[in-house]
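One structure is given here, and the rest of the page talks about it.
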Amino acid sequence: MNDFFKAEELLNTTRDLVRIPSPSGFTDEVISWVEGRMQELNVPTYRNNKGGLIATIEGNDSSKHRMLTAHVDTLGAMVKEIKSDGRLRLSLIGGFRFNAIEGEYCEIITSSGKRYTGTILLHQTSVHVYKNNGDVKRDEQNMEVRLDERVFSVDDVEKLGIHVGDFTAFDPRVKLTESGFIKSRHLDDKASVALLLANIKKIKEENIKLPYTTHFLISNNEEIGYGGNSNIPDETVEYIAVDMGALGDGQTSDEHTVSICAKDSSGPYHYRLRKHLVGLAEEYNIAYKLDIYPYYGSDASAAIRAGADVRHALIGPGIDASHAYERTHQDSMLHTANLIYNYLQSSMID
Ligand SMILES: [Zn+2]
């Protein structure tokens, strides 16, 4: 494996990214941040109408293109209802359950841009009052936001400028450990955005000429199913989603290797392109795991579903406890960065 990607840099970029609130539907700020990094590297970009960012690096061959995508949008919620006691009900954005956010700090972002902090709690949290609260279902009815404000009524909350439809972002609680782990919410998929940025930086700094014109799509609607399904130039032959590998019982993926997906709920990924990625991993001593994700779809499968005639693949760092308080190790980041690097400079499969 090449040693020129620095773990510290990959983890720091990831940390910067997870700290910018960006539930699906509220991604302008994080897209601007990524756009700023691209500008520093003199990479031309444009924004599509739905707010995603596309960066393009010209290659030797402009008749066949590649596209790589990673998404900056995250799980989140919206204020569904203001309760008569001044607590807030939430409507979730993305695929997860309330138990994954019980006790989490959050921020309510009003339409005028004001931000208020709160905590997501079960209504019946106090064991001194509610005897069997372990049995209460964690759902939209029973979970609520306790605002850190003196509010006792709907009126009090509305006076703050908080209304139904306001976005709610979860505190990522990002932490880097001495042992090389990064623990945080939203590593899916900001860790991968950091990996694309590191690769683009490498290419620009070293004046590496890519074999094919390559587009990098920073998608902003993946968690709700349609982030990377548009703005794919007709010349695009290969389309790679860089997104997390899923860990759990029966999974091969782990926090120390790059996961290469053979199949997810959408079906098999392109067989020869998958084998090409495995071949590159073996050639360059990149530790990888081939895996199947039982409940998963990616921006690459979304592109196929939308009608894109591309060869699609899915690779990414292994993320533990996905869509909850996640974790990965710098090794997984480094192996994934290296696979992307070698892929970008490889010849296309026939
Ligand atoms: Zn993802």
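Computed quantities for the displayed model
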item	result
Residue check, residue 191 within 13 Å of the ligand (Cβ to nearest atom) and in a helix (DSSP H, G or I)	yes
Yes/no for residue 225 being within 16 Å of the ligand (Cβ to nearest atom) and within 30 Å of residue 82 (Cβ to Cβ)	yes
Conditions (1) closer than 22 Å to residue 39 by Cβ; (2) away from the ligand (no atom under 14 Å from the Cβ); number of the one not met by residue 219	(2)
Given (1) in contact (Cβ under 8 Å) with a residue 12 or more places away in the chain; (2) of a type in the set (A, V, I, L, M); (3) more than 16 Å from the ligand (Cβ to nearest atom), number of the condition residue 70 does not satisfy	(3)
Answer residue from the range 292-311, given it is outside any loop (DSSP other than H, G, I, E, B) and within 15 Å of the ligand (Cβ to nearest atom) and is farthest from residue 187 (Cα to Cα) among those	303
Filtered residues of the range 8-24 (kept if touching a residue at least 60 places away in the same chain (Cβ under 8 Å) and crowded, with 17+ Cβ neighbours inside 10 Å)	10, 11, 13, 14, 15, 17, 18, 21, 22, 23, 24
Candidate set from the range 45-57 (those that are within 16 Å of residue 197 (Cα to Cα) and in contact (Cβ under 8 Å) with a residue 40 or more places away in the chain); member that is nearest to the ligand (Cβ to nearest atom)	52
Residue list for the range 27-83, filter: over 23 Å from residue 346 (Cβ atoms), small (Gly, Ala, Ser) and either at pLDDT below 95 or not in a loop (DSSP other than H, G, I, E, B) (or both)	32, 36, 76, 77
Test result for residue 249, away from the ligand (no atom under 16 Å from the Cβ), under 30 Å from residue 103 (Cα atoms) and at pLDDT 95 or above	yes
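Residue-by-condition table, conditions (1) of a type in the set (S, T, N, Q); (2) buried (at least 17 other Cβ atoms within 10 Å of the Cβ); (3) closer than 27 Å to residue 321 by Cβ; (4) in contact (Cβ under 8 Å) with a residue 12 or more places away in the chain:
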residue	(1), (2), (3), (4)
110	yes, no, no, yes
116	no, yes, no, yes
128	no, no, no, no
144	no, yes, yes, yes
159	no, no, no, no
176	no, yes, yes, yes
180	no, yes, yes, yes
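The values are calculated or read from the model by the stated rules, or taken from the named source; none is laboratory data. Note that the structure is predicted; figures quoted are calculated from it, not measured. Every residue, glycine among them, receives a Cβ derived from its backbone with ideal geometry; neighbour counts consider all protein chains shown.
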